[in-house]
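One structure is given here, and the rest of the page talks about it.
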Amino acid sequence: MSRKYTNSSQNSVKIQTLLNTIAAPQEGTPINAYREAMFEIGQCLGKDIARYKDEGVEHIYLACTVEDADFLAKGILSELEALSVFKSVNLACFWNERVEYANGVNAAPILKKYKEPSQSSDKQMLIVLKSIISGACVVRTNLTNLIEEMSPDRIVIAAPVMYVDAEANLAMEFSPEISSSFEYLTYAIDDELDGSNVVPGIGGNVYTRLGFGDQEGKNKIIPQLVKDRRKQQTENSLTAHC
């Protein structure tokens, strides 16, 4: 087993400490500590995303899964809001159900979704976020849904940890024209699997580590982040029509 830190994290004691925290067994990082570490890693990712402003990006569209919304995604959004460098930051949240069919094919159909309107700008960057990327089915499903409705100038796949084959797995799911445009933002690359879990990865099953139990449990929740942003969207709409 070996872990490779990326250029974004190899000189950061804070990021490496946070990665070790979420990789530790549950008795070493209980649920609340795990959630807080994910939030803080999100803040770190937010700082790195903010640097894209220097490359001409004006609008950010962040897409996350339901389990990551109140922690990893919230950390990113809180940092971007604090720095206030982009003209707009919008959110999409997906409830996916991972299934494996009898022929061995994996899929992640969308059960429901929350999507804010995207900005009609050729300087918009789409960020597809997950706590860890190993296979490609969830990212493939959510990204396909998004690019059918919007034409982002840039696409960034972001995750604190990625499996060593994740880029190749994802590239196989899209045409070369699309996959060649992907950019990746991650802090650690791991090269070992224990069953379906990357080692050390993020310490096992993220649904359990975050306190949601299983897939059914996490798909029953409505993140507070979604509730708050939906309320704000409604208030903004009412104000605009006054």
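The values are calculated or read from the model by the stated rules, or taken from the named source; none is laboratory data. Quantities reported herein were computed from a predicted structural model and do not represent experimental measurements. Using ideal geometry, Cβ is built from the backbone for each residue, glycine included, and neighbour counts are taken over all protein chains shown. Surface accessibility is based on the protein's heavy atoms, side chains included, excluding ligands, DNA and RNA. Shrake-Rupley method; radii C 1.70, N 1.55, O 1.52, S 1.80 Å.
Below, the figures for the structure above:
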quantity: Heavy atoms of residue 194: accessible area, 1.4 Å probe, square angstrom to 10; calculated: 110 Å²
quantity: Of the trypsin sites (Lys or Arg not before Pro) in region 185-224, those whose Cβ has at most 16 other Cβ within 10 Å and which sit in DSSP loop; calculated: 220
quantity: Degrees, to the nearest 10: 224-240 long Cα axis against longest axis of the chain; calculated: 10 degrees
quantity: Whole-number D in µm² s⁻¹ for region 54-169, Kirkwood Cα-pair radius fed into Stokes-Einstein, 10 °C, 1.306 mPa s; calculated: 107 µm²/s
quantity: Projected area averaged over orientations for region 119-228, convex hull of C-alpha atoms, nm²; calculated: 8.1 nm²
quantity: Given 53/113; 4/112; 47/130; 47/231; 115/227; 123/227, the pairs whose alpha carbons are separated by over 24 Å; calculated: 53/113; 4/112; 47/231; 123/227
quantity: Projected area, mean over directions - region 116-169, Cα convex hull, nm²; calculated: 4.0 nm²
quantity: Mean projected area in nm² (Cα convex hull; one quarter of hull surface) for the chain; calculated: 13.7 nm²
quantity: Sequence-separation-based contact order of the chain, relative, with Cα cut under 8 Å and 6+ spacing, percent; calculated: 23 percent
quantity: Region 1-106 - percent of accessible surface contributed by carbon and sulfur, probe 1.4 Å; calculated: 47 percent
quantity: Within the chain, percent of DSSP bridges classed antiparallel, to nearest 5; calculated: 30 percent
quantity: Residue-normalised accessible area of the chain, expressed per residue, 1.4 Å probe, Å²; calculated: 48 Å²
quantity: Rg and Dmax [Cα atoms of region 1-120; Å; Rg one decimal, Dmax integer]; calculated: 16.7, 48
quantity: Rounded to 5, the percent of DSSP beta bridges in region 154-219 classed as antiparallel; calculated: 25 percent
quantity: Between helix 31-50 and the chain: long-axis angle, C-alpha atoms, 0 to 90°, nearest 10; calculated: 60 degrees
quantity: Radius, Kirkwood style, for region 1-64 when every pair of distinct Cα atoms is counted (Å); calculated: 13.5 Å
quantity: Proximal aspartates and glutamates relative to residue 218, as straight alpha-carbon distance under 14 Å, when same-chain residues fewer than 8 apart are discounted; calculated: 67, 68, 70, 97
